[in-house]
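Engineer: This is the structure I want to talk about, given as structure tokens.
Every read-out reported here was derived from the displayed coordinates using simple, explicitly stated rules and does not represent laboratory data. Remember, predicted model here, so these are calculated numbers, not experimental data. Neighbour counts are summed over all protein chains in view; Cβ atoms, including those assigned to glycine, are modelled from backbone coordinates with ideal geometry.
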Amino acid sequence: MSYQNDVEIFMNSGSQPVQKELSMDNDEAKLYMKLISEEYNETLDAFKKSDLVELADGLADMVWVIMGMCNSCGIQFDNVWKEVRASNMSKFVDGKAIKNEYGKIMKPKTYFKPNIKNALGLEKT
Ligand SMILES: [Mg+2]
């Protein structure tokens, strides 16, 4: 199962172009950016109202429109996620966070930034 693939099927069914090449200069990208904003606000409202059902609905809708944005821009989300996950996990040493005296999680020597260009296939490593 892939969230991005589910949304691709939806977009194909609704005659919304799915980009295979990287590009954000298209009508679908503009539409999905607007939808992300709308769904974020719905989710925020649900949170403010302490409505857990609406919150869950809003979170799923946000994932949906974010996947729609990726499909509109030719972004293979799994590749980006793997890079961000690896970067975040590099903050832990032996599975533990290094915190300073105030509890802030510090970036240890093992930390590396996500290489998003590489995840997008824009750079060879
Ligand atoms: Mg919604």
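Engineer: Apply 1/(1 + (r/R0)^6) to the Cβ-Cβ distance of Lys99 and Phe47, taking R0 = 25 Å, and write down the FRET efficiency to the nearest 0.05.
Structural biologist: E between Lys99 and Phe47, to the nearest 0.05, is 0.40.
Engineer: Compute the long axis of helix 27-48 from its Cα atoms, compare it with the longest principal axis of the Cα atoms of the chain, and write down the angle in degrees, 0 to 90, nearest 10.
Structural biologist: 60 degrees
Engineer: Could you grab the Rg to Rh ratio for the chain? Cα atoms only, Kirkwood for Rh.
Structural biologist: Computed over Cα atoms, the ratio is 1.06.
Engineer: Taking loop as defined by DSSP and a crowding limit of 12 other beta carbons within 10 Å, which trypsin sites (Lys or Arg not before Pro) in segment 1-73 fit? Walk me through the intermediate numbers first.
Structural biologist: On the way: sites: Lys20, Lys30, Lys34, Lys48, Lys49; in loops: Lys20, Lys49.
Here the sparse-neighbourhood loop sites are Lys20, Lys49.
Engineer: Sum up the charges of everything whose Cβ sits under 11 Å from the Cβ of Met106, counting Lys and Arg as +1 and Asp and Glu as -1, but leave Met106 out.
Structural biologist: With Lys, Arg at +1 and Asp, Glu at -1, the net is +4.
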